[in-house]
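*Asks:* Below you will find the structure I want to go over with you.
Coordinate-derived values only; no laboratory data. Note that the structure is a prediction, hence the values are computed from the model and not measured. We place every Cβ from the backbone using ideal geometry, glycine too, and count neighbours over all the protein chains shown.
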Amino acid sequence: MNLARFPRIRFAHLPTPLEPLPNLTRALEGPEIWIKRDDCTGMSTGGNKTRKLEYLMAEAREQGADIVLTQGATQSNHARQTAACAAKMGIDCHLLLEDRTGKQDHDYTENGNVFLDYLHGASVERRASNPDMNGELAKVGARMIGEGRKPYLIPGGGSNPIGALGYVNAAMELIGQANDMGLRIDQVVHATGSAGTQAGLIAGLTGIRSGVALLGISVRAARAKQEENVFKLACATSDLCGASGAVRREDIVANSDYVGTGYGFPTPEALDAIQMLARLEGILLDPVYTGKGMAGLIDLIRQGRFKKGQNIVFVHTGGSVGLFGYVDDFEFSRAKNARAD
Ligand SMILES: *Cc1c(COP(=O)(O)O)cnc(C)c1O
């Protein structure tokens, strides 16, 4: 697949490292676990949205945009990375942040990603929980056109075929690294939300006929809905890349057993997974996405779904800044604060 024909702005530190997790592997006594460090893409502490924004922001520039608009949850990593890329490009950024959790504490509403949104100079509008945030975004875009601006609208998570190109590229990068290292990858696992990461990865993995299986651990939607969203976007992304027909329905696999109460509410298992990675590997996961993704991987290994002798790659999609929005969800932190009171 020839991605060089798409306009792109280099924001990310690439390739991101592909590394073993020896201590976690030993602790679980199962397959060899590897990690693809897309938390290290560089912009404003990094994360998966930066790869998508390389293609999206290039399109914004081609269209002559003077402001970029996007939306996400209050602690959106996508909003923060968009604000950082817009800052670097020298254009304005306006964010719609949706209150999906009702959490009132100051850390959640102002710290973590929200603090960085403001630090990068973005303007922010808050919204109550709303099932049609992309519709809200379109309304704000129309308002800005009325004010004489040239807005470029990015859907939530940067998940459209242009954004997903970033993960087609990531799939080729990963397989290239594995080939160089002589690493036979049996399974790739990651946290899936707005679907662009999984759609791009599967379009890439199938487009180059890698034969590598992909599993998305859902952080929001039920399995059938998530797979439908990913399949639709994966087919559109394949079409865009000139690899139409490469993705089959059975290539799309999501597991929504680890969502818990809902999007943005960390499960006890996710909090355990975050502490496990912090303490065994010195790696920071996040409370909304990668904590649940890793909790899913750990549980599936304990169930025997993945076995000794296999090589599993966990794609770390970033988000650790979100930890600062969830400090009190950690038992040790609540206990410490209670003593201080
Ligand atoms: C957005 C995000 C995801 C999910 O990626 P999608 O492309 O939205 O499915 C996973 N992890 C982190 C940290 C994210 O910010």
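*Asks:* Identify, among Leu174, Pro17, Leu53, the residue whose Cα sits farthest towards the positive end of the charge dipole of the chain, taking +1 on the Cβ of Lys and Arg and -1 on the Cβ of Asp and Glu, with the dipole about the Cα centre.
*Replies:* It is Leu174, whose Cα lies furthest towards the positive end.
*Asks:* Another question about this same structure. Calculate the translational D of the chain in whole µm² s⁻¹ from Stokes-Einstein, where the hydrodynamic radius comes from the Kirkwood formula applied to all Cα pairs, the temperature is 4 °C and the viscosity 1.567 mPa s.
*Replies:* After rounding, the answer is 64 µm²/s.
*Asks:* List the lysines whose alpha-carbon lies under 17 Å from that of Lys52, not counting same-chain residues fewer than 8 positions away?
*Replies:* Within the straight-line cut-off, Lys52 pairs with Lys36, Lys88.
*Asks:* I've got another one for you. At most 16 other Cβ atoms within 10 Å plus a DSSP loop assignment makes a site exposed; report the longest stretch of the chain without any exposed GluC sites (Glu not before Pro).
*Replies:* On the way: sites that count: Glu29, Glu147.
That gives 148-341 as the longest site-free run.
*Asks:* Here is a further query. Compute the whole-percent fraction of alpha carbon pairs in region 25-65 spaced more than 12 Å apart.
*Replies:* 68
*Asks:* Taking Rh as the Kirkwood radius, which is the inverse of the mean 1/r over Cα pairs, what is the Rg/Rh value for region 116-202?
*Replies:* With Rg and the Kirkwood Rh in hand, the quotient comes to 1.12.
*Asks:* Got a sec? Charge dipole of the chain, +1 on Cβ for Lys and Arg, -1 for Asp and Glu; which of Gly163, Gly207, Thr41 is way out at the positive end?
*Replies:* The listed residue farthest towards the positive side: Gly207.
*Asks:* Ok, one more. Be a star and scan region 262-280 for residues whose amide nitrogen sits under 17 Å from the point 7 Å along the Cα-to-Cβ vector of Ala27.
*Replies:* Answer for this model: 267-280.
*Asks:* Continuing with this model, one more query. Give me the mean projected area, in nm² to one decimal, of the convex hull enclosing the Cα positions of region 1-122.
*Replies:* For the Cα atoms of region 1-122, the hull's average projected area reads 10.1 nm².
*Asks:* Looking at Met276, Gln303, Thr317, which one has the Cα that reaches farthest to the positive end of the dipole of region 272-341 (charges on Cβ: Lys, Arg +1; Asp, Glu -1)?
*Replies:* Gln303
*Asks:* Taking only the alpha carbons of region 154-258, what extent do you get along each of the three principal axes, in Å, biggest first?
*Replies:* If we take the Cα atoms of region 154-258, the spans are 36, 30, 23 Å.
*Asks:* To continue, here is another question. With N set to the number of residues, divide the alpha-carbon radius of gyration of region 1-49 by 2.2 N^0.38 Å and report two decimals.
*Replies:* 1.56
*Asks:* Got the relative contact order for the chain handy, in percent, Cα pairs under 8 Å and 6 or more residues apart?
*Replies:* 22
*Asks:* Non-local amide H neighbours of Cys93 (under 5 Å, H modeled in plane, Pro and chain starts lacking H): which ones?
*Replies:* Those qualifying (amide H under 5 Å, at least 5 residues apart or on another chain) are Val68, Ser123.
*Asks:* Can you list the residues, at least 5 places off or on another chain, whose amide H is less than 5 Å from the amide H of Thr192, using H built in the peptide plane?
*Replies:* Placed amide hydrogens put Ile217, Ser218, Val219 under 5 Å from Thr192.
*Asks:* Any idea what the dipole of region 153-292 comes to, in debye rounded to 20, about its Cα centre with Lys/Arg Cβ at +1 and Asp/Glu Cβ at -1?
*Replies:* Using only the charged Cβ atoms, the result is roughly 260 debye.
*Asks:* Give me the dipole magnitude in Debye, nearest 20, for the chain about the Cα centre, with unit charges on the beta carbon: positive for Lys and Arg, negative for Asp and Glu.
*Replies:* Rounded to the nearest 20 debye, it is 560 debye.
*Asks:* Radius of gyration and Dmax for region 184-229's Cα atoms, expressed in Å?
*Replies:* When restricted to the Cα atoms of region 184-229, Rg and Dmax are 10.7, 31 Å.
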